[in-house]
Amino acid sequence: MLKVQEIRELIKLIDDSQIDEFSYEANGTKVCMKKSGGKVVTEAPVQQKPAPKAEPEVSEASQPKEEAPKAEEKQEPQKEKADYDKEITSPMVGTFYESPSPDQGAYVKVGDQVKQDSVVCIVEAMKLFNEIEAEVSGEIVEILVKDGELVEYGQPLFRVKTA
């Protein structure tokens with residue numbers, strides 16, 4: 001369980017950072033924070049998800065012509081699934097960085113070959129920069145997150161086609 005001082009420190013770190021949302025779960029305890037108007041507020045993300053879902057349902061019902069393109073969009077990712085065998089996932093909650101520093105190139109790009117011990121990105125968690133290895137050999141076919149984006153535990157970061 002987190003101590004009050006640790007929670008205060010988390011709030012201060014998130015308030016000073018560019019992160020808009022933060023979730024942490026350990027030993028049955030879950031902490032969710034979201035910035036609202038520049039200030040950190042604790043709020044359950046579940047409360048916000050129903051409202052956006054309600055709006056698309058209304059617009060789909062009022063504009064049935066848009067349903068056909070959406071169905072086609074859903075079919076395209078199914079075709080993409082055939083293009084990869086494995087996904088490299090985030091082992092922790094943190095900020096995704098594609099390169100070791102802002103002035104250097106990305107570790108990997110689409111089309112690059114990786115080995116099991118190849119570093120593919122960095123995930124920063126609590127000011128610790130953790131190098132993430134591919135753990136699979138093959139070709140990077142898709143990068144699923146953008147540089148500087150907050151990632152969750154188990155979130156897919158890359159799609160890899162093994163040979």
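The values are calculated or read from the model by the stated rules, or taken from the named source; none is laboratory data. Keep in mind the model is a prediction, meaning the values are calculated, not measured. Here Cβ is always computed from backbone atoms with ideal geometry, including for glycine, and neighbour counts include all displayed protein chains.
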Next item on the list: Output the residue which, of all residues in region 113-128 that are in contact with an Asp or Glu (Cβ under 9 Å, 6 or more places away or on another chain) and in a strand (DSSP E or B), is nearest to Thr95 (Cα to Cα).
Entry: Val123
Notebook entry, point to check: Under the condition of being surrounded by fewer than 12 Cβ atoms within 10 Å (Cβ to Cβ) and not polar (S, T, N, Q), which residue from region 19-37 is modelled with the highest pLDDT?
Noted result: Lys30
Notebook entry, point to check: How many of the residues making up region 107-129 are exposed (fewer than 15 other Cβ atoms within 10 Å of the Cβ) and not charged (D, E, K, R)?
Noted result: 8
Notebook entry, point to check: Would a scan of region 129-139 turn up a residue that is part of a loop (DSSP other than H, G, I, E, B) and closer than 18 Å to Ser17 by Cα?
Noted result: no
Checklist line | Selection count where residues are in a loop (DSSP other than H, G, I, E, B), in contact (Cβ under 8 Å) with a residue 24 or more places away in the chain and not charged (D, E, K, R), scope region 86-105 | finding: 5
Note to self: Given (1) over 24 Å from Glu25 (Cβ atoms); (2) free of Cβ contacts under 8 Å to residues at least 40 places away in the same chain; (3) within 17 Å of the chain's Cα centre (by Cα), identify the lone condition not met by Glu131.
What the structure shows: (1)
Checklist line | Members of region 7-32 that are over 20 Å from Tyr97 (Cβ atoms), under 19 Å from the mean Cα position of the chain (by Cα) and acidic (Asp, Glu) | finding: Glu25
